[in-house]
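The values are calculated or read from the model by the stated rules, or taken from the named source; none is laboratory data. Predicted, not measured: the structure shown is a model, and the values here were computed from it. Every residue, glycine among them, receives a Cβ derived from its backbone with ideal geometry; neighbour counts consider all protein chains shown. Surface accessibility is based on the protein's heavy atoms, side chains included, excluding ligands, DNA and RNA. Shrake-Rupley method; radii C 1.70, N 1.55, O 1.52, S 1.80 Å.
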Amino acid sequence: MTDKDKVFMARAVDLARRGRYGAHPNPMVGAVIVKNGRIIGEGAHLRFGGPHAEINALRSCRTSPKGASAYVTLEPCSTCGKTPPCTQALIKAGLKAVYTGAPDPNPVNNGGAPLLRKAGLKVRTGLLRKECEGLNPAFNKFMRTGIPYVTVKIAQSLDGRIADAAGRSRWISGPQARHETHKLRAEADAVLAGIGTVLADDPQLNVRGVRTPRQPWVVVLDSSFRVPRGARLFANERVIVATTSKAPVTALKRFFRRAKILVLPPKNGRVPLPALLKALGGLGIAHVLVEGGGKAAGSFISEGLADRFICFISPLIIGGTASRNSMVWPDALNAARKELGIKARINSISQAGRDLMLDLRF
């Protein structure tokens, strides 16, 4: 594979990112059609249920794609889902070669490359594979396990507090960090908060200030079903209340038409998180953003269920004696800590206005 091949695939990677807020739970995919050393068409998968990247690229061609080569970040699909298989479209278009970046982890679609070869196309795989696989960590995990990818987000002061002694947490982070949070929401299929956060802050938990074709699900962890009927989160069209069998039946019936209720067997009196993630995966939710509350964040991390951790650190010192309201949030990890600490690797460190944004992976 030549340097030119890498340039064309790098362009496909850039195109794929256009689907950041609309493609999920499908993957972000970019495609470039090249003929006689020039790009004649390009496209991306922009919206769940919409045309795939290969189809958009073929439709955009300025001249006939017959005899051209395609550069696609993900192995083309081979089965009919919401859209026809892309392999057939590439074959029908008369392409001579297809270069792919990452293999498709979906076992249903596995086999796109062999089908192209069988039809006589030259196929080369693994071009910029690391960059291509890095586009879709949530999709990759969900396809392989059926369990959603979990991003945990926390906004804290320099001394690790998520609220002051009076329970005030608005606003520890600045406006730029809050905008980044809305971007994280727009990338996710569901935004999750604990009942403590819902009762204290009455958050909306929706996407604002970011263009997205649909709002994510809102999930509330509420083992005793205390969520108020007038909570602002019910303005969202898709709400899930995750509770336990100890919750009052009358409350469940009252809310049945307003939200989807997941009743799970309690573990130590709380909603069992592994069972919850399995249930959410069964609903097609591939990426969950855990946003509300130190206990929720600590629980997902301490149980080894978090894949990514976004921490906004504000240049603010709250101080005071630790109390129930002003808990230093990692205290929620202490009970489960068996070693010195829970290790993570730094993916990136950036600045969001006045705040630091740490992107960590487990």
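Here is how the numbers come out for the structure above:
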quantity: Conditions (1) in a loop (DSSP other than H, G, I, E, B); (2) modelled with pLDDT of 85 or more; number of the one not met by Phe309; calculated: (1)
quantity: Residue in the stretch 174-194 that is in a helix (DSSP H, G or I) and of a type in the set (Val, Ile, Thr) present; calculated: yes
quantity: Subset of the stretch 318-362 [in a loop (DSSP other than H, G, I, E, B), modelled with pLDDT of 85 or more and exposed (fewer than 12 other Cβ atoms within 10 Å of the Cβ)]; calculated: Lys343
quantity: Filter result (in a loop (DSSP other than H, G, I, E, B) and open to solvent by 30 Å² or more (accessible area, probe 1.4 Å)) within the stretch 245-261; calculated: Ser245, Lys246, Pro248, Phe256, Arg257, Arg258
quantity: Cross-chain or 6+ apart pairs with Cβ under 9 Å, the stretch 178-200 first and within 13 Å of Glu291 (Cβ to Cβ) and among the acidic types (Asp, Glu), then assigned to a helix (DSSP H, G or I) and modelled with pLDDT of 95 or more; calculated: Glu187/Ala138
quantity: Test for Ala259: is it under 18 Å from Ile154 (Cβ atoms) and of a type in the set (Gly, Ala, Ser); calculated: no
quantity: Counted residues, the stretch 265-299 - those being at pLDDT below 95, crowded, with 21+ Cβ neighbours inside 10 Å and not charged (D, E, K, R); calculated: 7
quantity: Qualifying position, being touching a strand residue (DSSP E or B) at 6+ places or on another chain (Cβ under 9 Å) and hydrophobic (A, V, I, L, M, F, W, C), among Ala119, Ala68; calculated: Ala68
quantity: Gly120 vs. criteria at positive phi and open to solvent by less than 20 Å² (accessible area, probe 1.4 Å); calculated: no
quantity: Ser223 being over 24 Å from the mean Cα position of the chain (by Cα), more than 30 Å from Arg257 (Cβ to Cβ) and among the hydroxyl-bearing types (Ser, Thr, Tyr); calculated: no
quantity: Members of the stretch 126-159 found to be at pLDDT 95 or above and assigned to a loop (DSSP other than H, G, I, E, B), listed by number; calculated: Gly126, Leu127, Leu128, Gly134, Leu135, Asn136, Gly146, Ile147, Pro148
quantity: The stretch 164-181 - residue that is open to solvent by less than 20 Å² (accessible area, probe 1.4 Å) and not hydroxyl-bearing (Ser, Thr, Tyr) and, of those, modelled with the lowest pLDDT; calculated: Ile172
quantity: Close pairs (6 angstrom Cβ cut-off, 6 or more residues apart or separate chains): closer than 20 Å to Thr79 by Cα in the stretch 114-130, basic (Lys, Arg) anywhere; calculated: Val123/Arg117
quantity: The stretch 32-88: number of residues that are in contact with a His (Cβ under 8 Å, 6 or more places away or on another chain), among the hydrophobic types (A, V, I, L, M, F, W, C) and surrounded by 24 or more Cβ atoms within 10 Å (Cβ to Cβ); calculated: 3
quantity: Pair list, Cβ under 8 Å, 6 or more apart: the stretch 58-81 residue hydrophobic (A, V, I, L, M, F, W, C) and part of a loop (DSSP other than H, G, I, E, B), other residue open to solvent by less than 10 Å² (accessible area, probe 1.4 Å) and at pLDDT below 95; calculated: Cys77/Cys86; Cys77/Thr87; Cys77/Gly112
quantity: From the options Lys122, Lys96, Lys141, Lys130, residue that is among the charged types (D, E, K, R), out of contact with any Pro (no Cβ under 7 Å at 6 or more places or on another chain) and closer than 13 Å to Pro27 by Cβ; calculated: Lys141
quantity: Residue match in the stretch 104-115 (condition: surrounded by 19 or more Cβ atoms within 10 Å (Cβ to Cβ), more than 25 Å from Asp189 (Cα to Cα) and at pLDDT 95 or above); calculated: no
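For every residue, the table says whether it meets (1) open to solvent by 70 Å² or more (accessible area, probe 1.4 Å); (2) of a type in the set (Lys, Arg); (3) touching a helix residue (DSSP H, G or I) at 6+ places or on another chain (Cβ under 8 Å).
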position	(1), (2), (3)
Thr125	yes, no, yes
Leu135	no, no, yes
Arg144	yes, yes, no
Ala155	no, no, yes
Ile162	no, no, yes
